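Below is one structure; the comments refer to it alone.
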């Protein structure tokens with residue numbers, strides 16, 4: 001039977017000495033309570049920081065190159081004295097080897113963030129990005145119709161090609177597949193689609209769901225792809241309009257028709273306003289004494305309030321309209337609280353056999369004003385609620401020329417009620 005060899009006396013003295021040192025070090029750190037920085041020794045720069053609340057944490061104060069660094073090593077007592085010294089010595093060894101521990105930690109954090117973003121981007125399809133973009137931007141758009149147009153055009157043209165594709169995989173070939181078949185035949189629409197794709201991809205890039213250049217960008221990109229010149233295929237055609245000489249006969253028949261749609265169309269013709277401005281007009285906007293309609297900024301195309309002078313003919317039209325208790329709209333739709341639909345006035349014109357659209361009366365008014373009156377261009381444009389001139393001109397044009405516009409609209413109403421000198425009768429028929 002072997003007998004254990006007892007520890008030699010020198011080893012016992014060595015072990016006992018270090019055990020006592022560890023205990024003394026721990027007790028010394030434990031007893032430090034004064035707020036501030038305390039040098040604990042063992043490794044140069046190793047410091048115990050005591051906060052006002054009494055919590056303790058380890059710092060290593062060193063110089064890396066020409067920069068003074070304070071490097072956190074953990075909180076006490078989770079990180080004890082021995083471990084703090086071990087960490088401090090490792091950092092100092094790294095510095096001697098040419099490693100900046102602060103920069104190294106920052107890079108490690110950046111790598112983690114990048115990895116998280118890449119993992120997150122795995123789930124982001126173009127459709128998801130587009131829906132998120134629309135949701136974020138829609139509150140700032142003038143009306144819900146704009147958001148609906150975004151959704152409809154992307155659903156029709158973009159989603160069948162790239163809707164379910166990861167947004168980081170969308171490239172110029174996919175964009176060309178979307179726009180090229182329709183470029184010559186639906187140029188205005190497809191140009192808007194291209195712009196919307198570009199905006200969504202820009203949004204996705206900022207959110208780190210994709211990287212690289214935007215394949216839907218026009219300048220310096222798609223403009224070099226061999227597509228037909230927009231000046232040729234993208235010519236803008238105006239809304240179909242009735243000739244000014246035909247207005248007398250048209251209004252004579254229109255005023256004989258019943259229905260709120262016919263009355264709203266009559267209001268559009270007499271005021272030369274946009275159909276949406278008429279359909280959403282409320283009684284609260286009408287100043288009967290001042291014979292004025294005060295349209296708020298949120299309903300105007302340029303986002304500015306607009307005063308409309310109302311001729312005697314318009315006031316007579318409004319006076320004859322029925323009032324419904326609790327209804328604020330001047331031209332309410334079939335459902336309570338809902339305005340007329342976009343198609344109501346168009347249907348009235350179709351039933352009359354007129355090859356024109358409600359918005360075309362603004363063109364009729366503009367043409368008549370330019371060719372048959374001496375009113376200045378600015379008066380006509382302000383009557384149409386158009387922006388006049390560039391930013392500098394607008395800054396100096398403080399007046400809305402209201403009195404001149406009142407005279408213009410009175411002359412317009414008088415012209416509408418005057419038979420054409422030729423005695424020409426517009427060919428149309430009443431709705432059954």
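The values are calculated or read from the model by the stated rules, or taken from the named source; none is laboratory data. Predicted model only: the values in this text are computed from it and were never measured. Glycine gets a Cβ as well: all are built from the backbone with ideal geometry, and neighbour counts include every protein chain shown.
Between 296, 332, 309, which is at pLDDT 85 or above, closer than 23 Å to residue 414 by Cβ and surrounded by 13 or more Cβ atoms within 10 Å (Cβ to Cβ)?
309
Among the residues of segment 100-121 satisfying the criterion of being modelled with pLDDT of 65 or more and in contact with a helix residue (DSSP H, G or I) (Cβ under 9 Å, 6 or more places away or on another chain), which is surrounded by the fewest Cβ atoms within 10 Å (Cβ to Cβ)?
104
Considering each residue of segment 180-213, count those that are assigned to a loop (DSSP other than H, G, I, E, B) and within 28 Å of residue 123 (Cα to Cα), and give that number.
Number of matching residues: 7.
Tell me, yes or no, whether segment 401-411 has at least one residue that is out of contact with any strand residue (DSSP E or B) (no Cβ under 6 Å at 6 or more places or on another chain), under 16 Å from residue 363 (Cα atoms), modelled with pLDDT of 90 or more and in the same structural domain as residue 299 (by TED's automatic domain parsing).
The answer is yes, given that some residue of segment 401-411 is out of contact with any strand residue (DSSP E or B) (no Cβ under 6 Å at 6 or more places or on another chain), under 16 Å from residue 363 (Cα atoms), modelled with pLDDT of 90 or more and in the same structural domain as residue 299 (by TED's automatic domain parsing).
Under 6 Å between Cβ atoms, at least 6 apart or on separate chains: pull out the pairs that start in segment 170-193 with a residue that is touching a residue at least 12 places away in the same chain (Cβ under 8 Å) and on the phi < 0 side of the Ramachandran plot and end on any residue that is assigned to a loop (DSSP other than H, G, I, E, B) and exposed (fewer than 15 other Cβ atoms within 10 Å of the Cβ).
184/228
Which of the residues that make up segment 43-74 are surrounded by fewer than 17 Cβ atoms within 10 Å (Cβ to Cβ), over 47 Å from the mean Cα position of the chain (by Cα) and in a strand (DSSP E or B)?
The answer is 61, 63.
Scan the helices (runs of 4 or more DSSP H) fully inside segment 229-342 and keep the ones with 3 or more residues being within 30 Å of the chain's Cα centre (by Cα) and within 20 Å of residue 362 (Cα to Cα).
275-279
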